[in-house]
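So the structure is just underneath, and the comments pick up after that.
The values are calculated or read from the model by the stated rules, or taken from the named source; none is laboratory data. Predicted model, so just to flag it, every value in this text is computed and none were measured. Heads up, the Cβs are rebuilt from the backbone with ideal geometry, glycines too, and the neighbour counts pull from every protein chain shown.
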Amino acid sequence: MIRFLLVLTFFSTQAIAFVPTIESLFRHGSNPDVTANGVTFTMAVKKLNASGEGEAGTEKAEDFYRIFLTRGTGDSIKLAQARYSDSTFSETSLVHKIYYPGFSPYTLKPAVEQMEKGIFYALVHSLGYNNGSHMVNYLKTLGVPVKLNNDLINREKIDYLASYKRYLLTINQNRAAKKTESNPLRPEDAAARDRVEAVMNESMYVDTKQVRLSKEEGDMAWLVDAGPFSSVFAYNSRDVMKVLFKSAAGEIEIVCRNYGLLNGTHRFPKTILIRDFSGDSYQIEVTDLRHYNEREEDIVRRLKKWDQILKGKESSLPRPDFLL
């Protein structure tokens with residue numbers, strides 16, 4: 001069993017190292033696995049004018065948000081978003097809330113007024129949970145020709161590995177079986193052996209030619225080109241640097257900068273720049289990131305508390321188009 005796991009790990013590492021998939025890139029390989037079911041982002045959002053992104057004096061307005069995600073069943077999460085009037089994020093500054101008990105890649109329809117939100121929250125999900133499947137599934141609803149890893153996996157290679165696993169189990173349980181059992185990765189027939197070697201030297205995933213290694217602003221980077229969708233990832237850390245989606249309604253571009261360990265272990269962009277379909281630009285400063293385990297009763301308690309606070313004062317001021 002140990003030998004099988006070593007072989008599988010070796011070939012999987014080769015596949016990821018040389019032919020990353022879109023889903024695996026949005027997994028953010030430099031981050032540890034997220035075992036907690038809850039994640040919260042605290043953000044300050046500024047609208048910028050046309051004089052230049054991030055330059056002094058460009059602030060027009062500023063909003064403050066917290067986004068709460070809790071893993072649900074399957075592809076869905078419980079998503080809550082709270083808006084505050086100032087940076088204290090206190091109960092008295094709460095002005096708006098929204099809640100989705102089952103937010104999935106299919107919640108936001110592929111309509112013009114929801115595409116920007118869909119791309120942004122797919123990225124938030126990816127960054128928070130190290131999971132690229134939400135992004136891939138949402139892009140599929142928009143007609144982008146992308147596939148999940150499960151749809152790209154080299155089935156013939158997997159079959160050979162499964163046969164080898166059975167072979168190892170058999171000979172480990174009965175050493176005498178090694179004389180009668182044939183190693184499926186080393187068949188006696190020369191043609192069959194050449195075929196096995198050729199398959200085992202292939203990538204674990206079918207190469208869609210949508211990811212390539214190139215240079216971006218002088219640095220090596222993974223570039224994704226999938227029709228109307230493109231993105232850029234840092235070569236070593238695989239941090240997402242840029243996401244661009246083009247539609248008949250316009251383009252949404254998201255640029256992630258200043259990655260750091262906001263919670264001590266999890267790399268996350270401290271600055272996110274967004275240009276929406278209408279050409280408006282925004283700067284998001286992520287000031288806090290938390291992972292934690294949350295129970296259903298904790299969510300209910302929070303929502304009831306918000307409802308009490310917001311009685312008679314909930315804000316109807318417009319929010320940026322990429323926010324719920």
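Scanning for something touching a helix residue (DSSP H, G or I) at 6+ places or on another chain (Cβ under 8 Å) and closer than 30 Å to LEU25 by Cβ, does region 166-184 turn up at least one residue? Checking region 166-184: not a single residue is touching a helix residue (DSSP H, G or I) at 6+ places or on another chain (Cβ under 8 Å) and closer than 30 Å to LEU25 by Cβ. Residues in region 224-239 that are under 19 Å from ASN137 (Cα atoms) and over 15 Å from the mean Cα position of the chain (by Cα): ASP225, ALA226, GLY227, PRO228. Filtering region 103-131 down to residues that are part of a helix (DSSP H, G or I) and of a type in the set (Ser, Thr, Tyr), which residue is farthest from ILE274 (Cα to Cα)? Only one residue tops the list, namely TYR129. Could you look through region 78-115, keep only residues that are out of contact with any Leu (no Cβ under 9 Å at 6 or more places or on another chain) and of a type in the set (Val, Ile, Thr), and pick out the one that is surrounded by the most Cβ atoms within 10 Å (Cβ to Cβ)? Among them, the one singled out is VAL112. For region 53-75, indicate whether the set of residues that are at pLDDT 60 or above, within 30 Å of SER281 (Cα to Cα) and part of a loop (DSSP other than H, G, I, E, B) is non-empty. For region 53-75, residues at pLDDT 60 or above, within 30 Å of SER281 (Cα to Cα) and part of a loop (DSSP other than H, G, I, E, B): absent. Only one entry in TYR292, TYR282 is touching a residue at least 24 places away in the same chain (Cβ under 8 Å) and either aliphatic (A, V, I, L, M) or surrounded by fewer than 20 Cβ atoms within 10 Å (Cβ to Cβ) (or both), namely TYR292.
For ILE77, the stated conditions do not hold, so it cannot be described as β-branched (Val, Ile, Thr), touching a residue at least 60 places away in the same chain (Cβ under 8 Å) and within 19 Å of GLU294 (Cβ to Cβ). The set of residues in region 161-199 being without any contact (Cβ under 8 Å) to a residue 60 or more places away in the chain and within 30 Å of the chain's Cα centre (by Cα) consists of ALA162, VAL199.
Kindly evaluate VAL95 against the criterion of being touching a residue at least 40 places away in the same chain (Cβ under 8 Å) and either closer than 30 Å to LYS178 by Cα or assigned to a loop (DSSP other than H, G, I, E, B) (or both). No, not satisfied.
Scan region 238-258 for residues that are modelled with pLDDT under 95 and farther than 18 Å from ASN31 by Cα and jot them down. Within region 238-258, SER247, ALA248, ALA249, GLY250 qualify. Quick check: anything in region 291-304 in a strand (DSSP E or B) and under 20 Å from the mean Cα position of the chain (by Cα)? For region 291-304, residues in a strand (DSSP E or B) and under 20 Å from the mean Cα position of the chain (by Cα): present.
Just one of the listed residues (ASP280, ASP288, ASP298) is in the same structural domain as PHE41 (by TED's automatic domain parsing) and under 22 Å from GLY118 (Cα atoms), and it is ASP280. Residues in region 138-148 that are part of a helix (DSSP H, G or I) and either among the basic types (Lys, Arg) or surrounded by 18 or more Cβ atoms within 10 Å (Cβ to Cβ) (or both): how many? Residues flagged as part of a helix (DSSP H, G or I) and either among the basic types (Lys, Arg) or surrounded by 18 or more Cβ atoms within 10 Å (Cβ to Cβ) (or both) within region 138-148 amount to 3.
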